[in-house]
Each structure stands twice: as C-alpha cells, then as structure tokens.
Amino acid sequence: MLRFIGNNLDSSDFSRAAQWTGRIKELKEKGLQKFFLFIHEPDDIKAPEMAAHFLKQINEHLNLTIDFNLREPTMHLQPKLFT
C-alpha cells in the first residue's frame, strides 16, 4: 500500500511519482501481485489529476491497462433552511 502525499502538483510530485513507479515495477518483478495507491494533495481537488498522471505512468512502465475515468467534480448544494 502506498499513501502518496502530494504538494499541490509541484514538480517534485511528478518526480516522486516516477521514482515510486520504478519501485512498484521492481516489486512486481519480485512477485508483487496487488498494490493499493492512495493519492492526497493539500487541495484535494487536485488529487484526481495526480492520480491520473500516476496511473498513466504505472500503465506505461508496468505494461498494464488499468482504466481511470477522470470526471469533473460535481457541486452539491446544501439545501436551504429557509426559502
């Protein structure tokens, strides 16, 4: 399990993701069959973008086809107490 804590999509996030992708590939070559990846960003609205980037790297380097459907966030409005 990897809990990746980002830095608002700073360039360091992408270089660390590349390093982790390499490490995950090494572990897969040694028999890793399953892994879990949790992405966090200080502003969570940016987490899906980082997750999409990370997954693209993993798919390319590990020859996988994991699908990630990036959707625009849905705005939920709080019901009005008084109309």
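The values are calculated or read from the model by the stated rules, or taken from the named source; none is laboratory data. Only a predicted model underlies this, so the values are computations on that prediction, with no experimental measurement involved. Virtual Cβ from ideal backbone geometry, glycine too; neighbours counted across all protein chains shown.
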| field | Cβ-Cβ under 9 Å pairs, at least 6 apart or on other chains, segment 19-32 side in contact (Cβ under 8 Å) with a residue 40 or more places away in the chain, far side loosely packed, with under 11 Cβ neighbours inside 10 Å | value | Thr21/Glu60
| Residues that are within 23 Å of Leu9 (Cα to Cα), surrounded by fewer than 10 Cβ atoms within 10 Å (Cβ to Cβ) and of a type in the set (S, T, N, Q), drawn from segment 58-83 | Asn69, Thr74
| Just checking, how many residues over segment 25-83 are charged (D, E, K, R) and closer than 20 Å to Ile5 by Cβ? | 6
| What do you reckon, is Leu55 outside any loop (DSSP other than H, G, I, E, B) and either in contact (Cβ under 8 Å) with a residue 12 or more places away in the chain or loosely packed, with under 10 Cβ neighbours inside 10 Å (or both)? | yes
| said: Out of everything in segment 24-52 that is assigned to a helix (DSSP H, G or I), more than 18 Å from Ile66 (Cα to Cα) and not acidic (Asp, Glu), what residue ends up being modelled with the lowest pLDDT? | reply: Ile45
| Residues of segment 4-40 being acidic (Asp, Glu) and exposed (fewer than 13 other Cβ atoms within 10 Å of the Cβ), which ones? | Asp10, Glu26, Glu29
